[in-house]
Each structure stands twice: as structure tokens, then as C-alpha cells.
Amino acid sequence: MIPPILTNPAIYNITQTTQAQVAIETGLKAVGRPGFILLDNSIDKNTKKYSSMKEFLYQLTCMAVSLGVVIPVFKKGSFGIARKLFKDEAVFQAFKKSDDFNKFRKLSQDEKISKLGEINSSNGKNYELKDINEDLAKGMIEVTSIAGSILGLSILSPLISRPFIRPVLKTLGMGEPKQQTPQNSETEPAKVDVKA
Amino acid sequence: MADLTGKIGNTVKKILVSVGKNNKPIYTVMAIATANGIFKPISSLTDKKEKPEARKYAALREFATECVAVPTYWACGVGAATLGAKLFKDNPEKKAIARANMMFLGVCTAAFVVIPAVCSGALIILDKILGKDKPEKNEPAKLDVTSKTPEVQVHSDISTKFGANLYRPSMNTFINRGGLKI
């Protein structure tokens, strides 16, 4: 009995998009990593709560920065860069924005031909469907999205989260856990028994 | 020079076409994990609010985490994809979809369970190597109340040592004393 999810084309389309991959992976990290911190028995309760909340907020910051700012900016800029790198490629001349190309990709074969006719009439060009290298254009969008994810998750998020997370944790009433000192620990020095 | 630029351009084009045909999830997650392994420790080391020792320790932990993450993503992704292909080996159309979907599920499992679990174990070993699991040396000494100390010998019967007449006044007690003599 093989679950139908394995051959589901909708899931296949999601798995092929960098933005979806980053969103799902970061979401799972935001749940899994704090969960494992909470399960760790070698640390005390306050440290567990503080660390898991810190990790959760960090992953949320990563997701917000990458998906909200960096990937969309990179995605929009991808065709601009590609037009300079590949001057002879019809796909980058026919479509000015990556969104226009993504809409075109989802069309059926006949719809694509008619859409290309519209583009030709407005541009004064004579592109055919075989001239449009869809894989190259999609690859350009995905590679720039990966570059954007790296910038967002690895470089910007640690810098942004540093001044943001501590005040949020304080607002939530979760100050940084203090190290246990002999005065407040369980192993408090025993009083000398003067009666003995 | 133009040849070299052309060669680089062709290689870039081939890579882009390959990614466009099949954007494998392991490309994204491994690229991010590698970048995290480089930039996150640098970020930790430049955090001026932390103590130098804490900074070094945090950077080492982050580097170790990503060292675990990169091969785990690869192993889980490729392993799951191979399994997916085996399940649908008789149906080439479904085989490609199953391969991609299983790779994605493998990567998700790695991010959600495998990497945090492996890291928990690996970081315990790292802590042991660095001696972080031991109590700090400058910790104040605790009063030992449980171990036995040598008992002090107390003579309950003093009279046996000093004789039976210890508190019995004798005439010698009053002779050779200064002061008024009667």
C-alpha cells in the first residue's frame, strides 16, 4: 500500500519551487529544533524554555526575512541579470519580468502560442515556441532564489535577530537564565549542627 | 579571453537548465547549510554583547551543527529518492514524480527530526571533549557534612586519670599561698 502523496503532481510542483522548499524547511526547523531542546533532560527547565523560545523566534525571523524581503527582491531582479548575461536568449527578451514568465509557463500549449503571438505583435519580433528556453528561465529564477535564501538565512537573519530576539523574550517575561550559584542551588551548604 | 568567457557562460547555462529541469530540494538545503556553517559562526564571533569564551563556544556549536546537517540532508534526500524510484520502477512516469517527492520528504524528515536528534547526541560529545559538562573550577567549595571525621577521645571518667581525691580539699591546698596569714 503506497500512499498517493508520493505521486501527487501538486506536491511535485511545490517541491520544484525554491521559495516553497525554504518555507517548509524553515517551518519544520522552527518546530523540530525547539521541540528537541524541550526534550533534553540534561538542562534545567528555565534554560530549556528560554533556549527553545529563542530558537523558535530565530527561525521565524529567518522565514520572515527570506520569504518576505530577500527572495522576492532576487526573483524580480533575476530576469534583469539574465538579460545582461544571455543577450541572445529569446525568453529573456520576450518576458521583462519573472512573474510574466511564470504565468506563461502555467498555460497550455495552444494558450502559449497565442500569448507569444501577442508578445510578438507588441515587440515587433518573431519568436516561436521552440525559441523560448523555459528550463533556462526557470533555472535562473530558482538559482537567484537560492542565492536570496542564502543571503537571507545565513547573513541577514543572524544580524537582524540579535537586537530583536532579546527584547521580545524580555517582553514575554523570559529573561536570560542565570547560572546557578551555590546560594540558590539545591546543594546549599549545610548548617553546622550545634546540638550534636 | 573571449573563449574563457564563452566557456564559463556555457557552463552557467548548463547548470541553470539542469536546475530548471529538476530543482532538487537537496541543492537548496545543502547550499543554505554550507552558508550557515560559514557565516553563522562568524556572526557569533562578532557578537560583542557575549563574553569571548561564550562567543567561541557558540561559534563552534553552530559550525558543528552545520557539519552534521550537510551530510544528513544529502543522505536523507538521496536515500528517500532511491526508495521512491524503487517503489515505482515499473512506471517511468510516476517514478520521476515519486523520486522528487520522496527526496523532498527525506529532506523534510532530516530538518524536522534527524538533524536535531543527531545534533543533540553530537553536541553532548562536543561538550565532553571541551569539558563543558564538568563543573567550573572556581566554584566555591562546599561544606562536607556527610563524610566521617576522626572522633575526639573524651575521657568520661576523669577521676581515673587524676585520682579519686581530685576535688577533695587537703591541707596542702592552703599552704604556701600569699596574702593574709592567720
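When we screen B:Glu50, B:Glu66 for residues that are surrounded by fewer than 17 Cβ atoms within 10 Å (Cβ to Cβ) and either among the aliphatic types (A, V, I, L, M) or at negative phi (or both), the only hit is B:Glu50.
Residues that are more than 30 Å from A:Glu89 (Cα to Cα) and away from every other protein chain (no Cβ under 12 Å): list the helices (runs of 4 or more DSSP H) wholly contained in the stretch B:1-100 that include at least 3 such residues.
B:52-87
Listed here are the residues, each with its yes/no results for (1) assigned to a helix (DSSP H, G or I); (2) more than 28 Å from B:Gly6 (Cα to Cα); (3) at pLDDT below 90; (4) in contact with a Lys or Arg (Cβ under 6 Å, 6 or more places away or on another chain).
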position	(1), (2), (3), (4)
A:Asp88	no, no, yes, no
A:Gln93	yes, no, yes, no
A:Asp99	yes, yes, yes, no
A:Lys125	no, no, yes, no
A:Lys138	yes, no, no, no
A:Val143	yes, no, no, no
A:Ile150	yes, no, no, no
A:Leu159	yes, yes, yes, no
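Scanning the stretch A:10-27 for residues that are closer than 15 Å to B:Ala111 by Cα and under 8 Å from the mean Cα position of the chain (by Cα) yields A:Ala20, A:Gln21, A:Val22, A:Ala23, A:Ile24, A:Glu25, A:Thr26.
One line per residue, one yes/no per condition, for (1) out of contact with any Pro (no Cβ under 8 Å at 6 or more places or on another chain); (2) of a type in the set (S, T, N, Q); (3) over 30 Å from B:Gly131 (Cα atoms):
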residue: B:Phe63; (1), (2), (3): no, no, no
residue: B:Gly77; (1), (2), (3): no, no, yes
residue: B:Thr82; (1), (2), (3): yes, yes, yes
residue: B:Asn91; (1), (2), (3): yes, yes, yes
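The single condition from (1) among the charged types (D, E, K, R); (2) in a loop (DSSP other than H, G, I, E, B); (3) at pLDDT 55 or above; (4) exposed (fewer than 11 other Cβ atoms within 10 Å of the Cβ) that B:Lys142 fails is (4).
Considering only the stretch A:161-169, I want to know if a residue exists there that is of a type in the set (A, V, I, L, M) and surrounded by 16 or more Cβ atoms within 10 Å (Cβ to Cβ).
yes
On the stretch given as the stretch A:61-94, residues that are closer than 18 Å to A:Leu136 by Cβ and either of a type in the set (Gly, Ala, Ser) or buried (at least 21 other Cβ atoms within 10 Å of the Cβ) (or both) total 11.
Scanning the stretch B:102-125 for residues that are at the interface with chain A (Cβ under 7 Å from one of its Cβ atoms), out of contact with any Phe, Trp or Tyr (no Cβ under 6 Å at 6 or more places or on another chain) and without any contact (Cβ under 8 Å) to a residue 24 or more places away in the chain yields B:Met102, B:Cys108, B:Phe112, B:Val113, B:Ala117.
Checking the stretch B:22-41 against the condition returns a match, with at least one residue being more than 21 Å from A:Gly152 (Cα to Cα), surrounded by fewer than 21 Cβ atoms within 10 Å (Cβ to Cβ) and either β-branched (Val, Ile, Thr) or more than 21 Å from the chain's Cα centre (by Cα) (or both). Within the set B:Lys86, B:Lys94, the sole residue that is basic (Lys, Arg) and modelled with pLDDT under 90 turns out to be B:Lys94. One residue stands out among those in the stretch A:14-69 that are outside any helix (DSSP H, G or I) and at pLDDT 85 or above: the one that is nearest to the other protein chains (Cβ to nearest Cβ), which is A:Gln16.
The values are calculated or read from the model by the stated rules, or taken from the named source; none is laboratory data. Just so you know, these numbers come straight off a predicted model, no measurement behind them. Neighbour counts are summed over all protein chains in view; Cβ atoms, including those assigned to glycine, are modelled from backbone coordinates with ideal geometry.
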